1. Each residue of the range 506-516 in turn: what ³J(HN,Hα) in whole Hz from Karplus with 6.51, -1.76, 1.60 and θ = phi - 60°, glycine and Pro shown as x?
2. Tell me which aspartates and glutamates have Cα within less than 19 Å of Lys516's Cα, excluding those fewer than 8 residues away on the same chain?
3. Residue by residue through the range 36-49, which ³J(HN,Hα) values in whole Hz follow from phi under the Karplus form 6.51 cos²θ - 1.76 cosθ + 1.60 (θ = phi - 60°), with glycine and proline marked x?
4. Return the subset of Lys99/Lys542; Lys169/Lys387; Lys147/Lys429; Lys147/Lys428; Lys419/Lys542 for which the Cα-Cα distance in this structure is over 27 Å, preserving the input order.
5. Given H placed 1.01 Å from N in the peptide plane, which residues other than close sequence neighbours of Asp35 have an amide H under 5 Å from its amide H?
6. Compute the signed sum of charges (Lys and Arg +1, Asp and Glu -1) over the other residues within less than 13 Å, Cβ to Cβ, of Val54.
7. If we sort 301-309, 377-385 on the protection proxy, mean other Cβ atoms within 10 Å, highest first, what's the order?
8. Equivalent-ellipsoid semi-axes (√(5λ), Cα gyration tensor) for the chain, whole Å, largest first?
Amino acid sequence: MKSHARALFVLSSLGLLLAIAPAPMEGQEGMVSSDHRLASQAGAEILAQGGNAVDAAVATALACGVVQPAGSGLGGGGFAVVHGEKGSSVLDFREIAPKGASADMYLDADGQVVPKLSQDGGLAVGVPGEGRGLAQLLAEQGTMTPKQVARPAVRLAKGGFDIEHHLLKALGAKPAMVALLDSGQMPGLGDTVRRTKLSRTLNKWASSAGEALYTGAIAQDVVDSVQAQGGVLTMEDLADYQPVSREVLVGQYRGYTILTMPPPSSGGAVLLQVLSVMEGFDLMAMGHNSSEHLHLLAEGMQHAYADRAQFMGDPDFVDVPVDRMLDEARIQEIQSQIWPMRTFESGYYGSPVTIPEDSGTQHIAVIDASGQAVALTTTINTSFGSKVIAKKSGLLLNNEMDDFVALPGVPNAYGLVGKESNAVAPGKKPLSSMTPTIVLDPQGQVVMAIGASGGPLIISSTLQVLSNVIDFGMDPEEAVSAPRMHHQWMPEVLSIEPGISRDVQQNLSARGHELKEWTFFSSVQLVVVEEGLFVGAADPRKGGQPATP
Ligand code: GLY
């Protein structure tokens, strides 16, 4: 195993920063990549103890909830794509709308959206799925007990962990969230902080295999805390919540098999649609991040995000035409609609971005020595979710309800718009962008586990890093570090990161793109198998780091 540190790239157009990013880590006994060094080490510890990739992924997710509370935790939900000897599977433990939710719950008497109601406070909270989700994932595909996999997280919460840059920055933006820490004080960089209440909750999660979060004292604490802040969550909502097993969404790209997330995520369908469109073009000849390459990506993304807004929602409530989105005829139609030298107004595509400062999502990629791979993305939605903290148990509750469409055409926190297909209904899941993905080579062997955090940028970022490896032969570090672009159809803005040359920018503007340069908050984690070695990379944008046993 080797690890170095290397200066990577200028992080911000605001004149900041030279990021010091870890180089990819290589290992022979498996690899864990997450948004936080300590969480990755938790997973690697489990692998070293003989656990499989699922055991390690669950341990990493629990540890992330401790050390990275702005972006994950048992008060949220997620999706896992798993591939191993038994085949491929998906576990959906996304939050659902409480039974007391309704389509007009975020509107005032004049039918206008009440700002922030779906983002902050009790009404923003969806029924959390992570407690039962991780427990079910472990029971079905892991080899260890909940107690074994929770041990590193409990140790971090009880024994303490050192504050790193990303959490400090997130706390600086939302200072009330220091209530999550025992001290209740704003820490300094490198200070050791503890989360004792959460350590007790984690122990109860482990001893009850997740059930303690859905009935009894912890559940009552969650319900009381949410209701005290205007929410409609009840004990019945919690008791009735169940994860759902789904079929993996499968696609092909240049001879590779892509195993990814079906609805209620839009991630897999949008990923596969854009990849299929790209397959008709010679990217190498275009050159990485050339104006031709970025224009092609932008046009493909506009079509796919337009289809997302038009058609997609919870498949248990609406008919989601994924087959039609990925149909060969539809792909050819999109390819024929891409003009090399110009872009179009939004009405040209499929069927309306202000972006918040951070996302409340995190992605974990694990491949173990046997080749079992897990792509696990979990979320509380935006940074620190609803900001509602269950007082006795230390749980932070999600604001996943903002992923619904409060009113057709009105953008959510991520600037995403949608239609009735993603309207709020009791028991329904809000449409997600999470894109946990596993890639198999033409011989059917796992070669990559990948995914991201970053709201709508999850899909575009996963797509570009995957393509950087497959199309451009980049090593994992180079692939996650390269400047990225994003276009989500509405608003009509092509976002680019610093590092895209002025020349390329001028050529994109000449095609009609309105450019906005900013440093993305999306964070991609991946593990790649290269000649028998496991190579992990974590996105320098969020300061993560991989670990190997
Ligand atoms: N909350 C982020 C997503 O599910 O897309």
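We did not get these values from a lab; they are worked out from the coordinates using the rules stated. The structure displayed is predicted, hence computed values, not measured ones. Here Cβ is always computed from backbone atoms with ideal geometry, including for glycine, and neighbour counts include all displayed protein chains.
1. Result, ordered by residue: 5, 5, 6, 4, 5, 7, x, 6, 8, 9, 9 Hz.
2. Hits, sequence-local ones excluded: Glu292, Glu299, Glu345, Glu357, Asp358, Glu492, Glu497, Asp503.
3. My calculation for the range 36-49 gives 9, 3, 5, 5, 4, 5, 4, x, 5, 4, 5, 4, 5, 7 Hz in order.
4. Lys99/Lys542; Lys147/Lys429; Lys147/Lys428; Lys419/Lys542
5. Excluding prolines and chain starts, which carry no amide H, the hits are His363.
6. Residues near Val54 contribute -3 overall.
7. Top of the packing list down: 377-385, 301-309.
8. Values for the chain, descending: 32, 27, 22 Å.
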